[in-house]
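Okay, so here's the structure we're looking at.
The values are calculated or read from the model by the stated rules, or taken from the named source; none is laboratory data. Model, not experiment: these values are computed from the prediction. We place every Cβ from the backbone using ideal geometry, glycine too, and count neighbours over all the protein chains shown.
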Amino acid sequence: MSTHACGKAKKMISKKMSSLVKNNSVIRMMFEEGQSMAKEFGPENVYDFSLGNPNVPAPDRVRDTAIELLKNEDPISLHGYMNNAGFPDVRKKVADSLNRRFGTSFNENNIMMTVGAAAGLNCALKALIDPGDEVLTFAPYFVEYKNYTANYDGVLNTVATDHETFQPDLKALSDAVSEKTKALIINSPNNPTGVIYSEETIKGIAKILNEKQKEFGTEIFIISDEPYRELVYTGAEVPYVTKYYDNTIVCYSFSKTLSLPGERIGYLVIPDEAADHEDLFSAVSIANRVMGCVNAPSLFQKVVAECLEEKADVDFYARNRDEIYNALLSYGFKCIKPEGAFYLFIETPVDDREFVEEAKKEHILVVPGTSFALGGFVRLAYCVSHETVVNSLPGFKRLAEHYGLC
């Protein structure tokens, strides 16, 4: 007899997962709501800006490489296990590419292939933090950072940014670092703002963390989450953090660069200069296994190794950015112009959750800033068709008129 039948029902899932189920990702919920609205009103009449899902195809070379590998490679080795860190030849090609582009000096022993940047972040956090350790990040931040930290019973604390520029507040960072701080997660180009952290900012962060390491006698790591590194506009440059701070772990994903989010492929960089490099590299490699990933997808390790100089059509995103940014400003909305990624972070004239509900009446789906730990804004992901951008504008104008912005 079931526990329900005898009136003694018990929760069958863990307390930690019960909390996650209750607080399911607002982004995913909005995306699913958009799918329901599309069925009801027609997809051409719903303007879904909720999910950062690339809308441009992968470069042709990705497809051609995959076909060539499937035709010509030994299927046993192509689809088989390798060591947890990934194929050595793939890791060497990644290292060589980084060295050419950024003047670094990595080799295959600095690179671990991962199941996207998310798995890479989890491997890094699992390797670094003990229960009760603190992880810092700048608000607004990608919502899953809190969940990833909680996976290992760490505590995520937020640090303020300047809301005019969304550059980190360095004094707030200095005040936030404690002897329990084990890592700082940074994300540039940033989700949700599209801001690139300047070289001055990175140097300032490095200076503070070096001072705090000496003060507390601890090691504090920067975990640089970089899935949008290649998606930059008008010649903007993203500083390569390992060149400024020794205790850096870079988490990279090809999801956006090559429009491959569903393939789940990326890598970690752990430079030789990082404290206890060999032990740390062993720890993230073992974390990859014990978390259940085992290794990154074998086929797409080989694919991306041949496509390291390729990237998706950034001009497509730039066109969308300029169209919707200029229109929203003309309607009276306020937002900073993104330098990278494919998001606008728009200031709302009312509570952001109220604005989200009002936008739904125009069949426009955006994500409240409270999901990114900063209320009073909404995130708009413009990695959609250009027609979606253009056709949404009358609805945005009506919203502006409704709130007296124009």
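Summary of values
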item: Ala296, sole failed condition from (1) surrounded by 21 or more Cβ atoms within 10 Å (Cβ to Cβ); (2) in a helix (DSSP H, G or I); result: (2)
item: Qualifying helices (runs of 4 or more DSSP H) (wholly inside region 138-244; at least 3 residues being buried (at least 18 other Cβ atoms within 10 Å of the Cβ)); result: 144-150, 199-216
item: Some residue of region 305-312 being in contact with an Asp or Glu (Cβ under 9 Å, 6 or more places away or on another chain) and either in a helix (DSSP H, G or I) or buried (at least 20 other Cβ atoms within 10 Å of the Cβ) (or both); result: yes
item: Hey, Asp315 closer than 23 Å to Asn55 by Cα and in a helix (DSSP H, G or I) or not; result: yes
item: Identity of the residue in region 277-333, touching a residue at least 12 places away in the same chain (Cβ under 8 Å) and of a type in the set (Asp, Glu), that ends up nearest to Gly235 (Cα to Cα); result: Asp313
item: Every residue from region 349-406 that is basic (Lys, Arg), surrounded by fewer than 17 Cβ atoms within 10 Å (Cβ to Cβ) and outside any helix (DSSP H, G or I); result: Lys361
item: Failed item in (1) modelled with pLDDT under 95; (2) basic (Lys, Arg); (3) not assigned by TED's automatic domain parsing to the domain that holds Ala85, with Arg289 passing the rest; result: (3)
item: Evaluation of Ser259 against (1) farther than 19 Å from Leu128 by Cβ; (2) touching a residue at least 24 places away in the same chain (Cβ under 8 Å); (3) part of a helix (DSSP H, G or I) (one fails), failing number; result: (3)
item: Subset of region 85-129 (residues that are within 17 Å of the chain's Cα centre (by Cα) and not in a helix (DSSP H, G or I)); result: Met113, Thr114, Val115
item: Filtered residues of region 107-133 (kept if of a type in the set (S, T, N, Q) and either touching a residue at least 60 places away in the same chain (Cβ under 8 Å) or not assigned by TED's automatic domain parsing to the domain that holds Ala274 (or both)); result: Asn109, Asn110, Thr114, Asn122
item: Extreme residue, nearest to Tyr343 (Cα to Cα), among residues of region 160-178 that are of a type in the set (A, V, I, L, M, F, W, C) and touching a residue at least 24 places away in the same chain (Cβ under 8 Å); result: Phe166
item: Residue check, Asn326 surrounded by fewer than 18 Cβ atoms within 10 Å (Cβ to Cβ), polar (S, T, N, Q) and under 26 Å from the mean Cα position of the chain (by Cα); result: yes
item: Single residue of Ser18, Ser50 found to be modelled with pLDDT of 75 or more, within 26 Å of Gly369 (Cα to Cα) and out of contact with any helix residue (DSSP H, G or I) (no Cβ under 8 Å at 6 or more places or on another chain); result: Ser18
item: Test: Ala341 is on the phi > 0 side of the Ramachandran plot and surrounded by fewer than 23 Cβ atoms within 10 Å (Cβ to Cβ); result: no
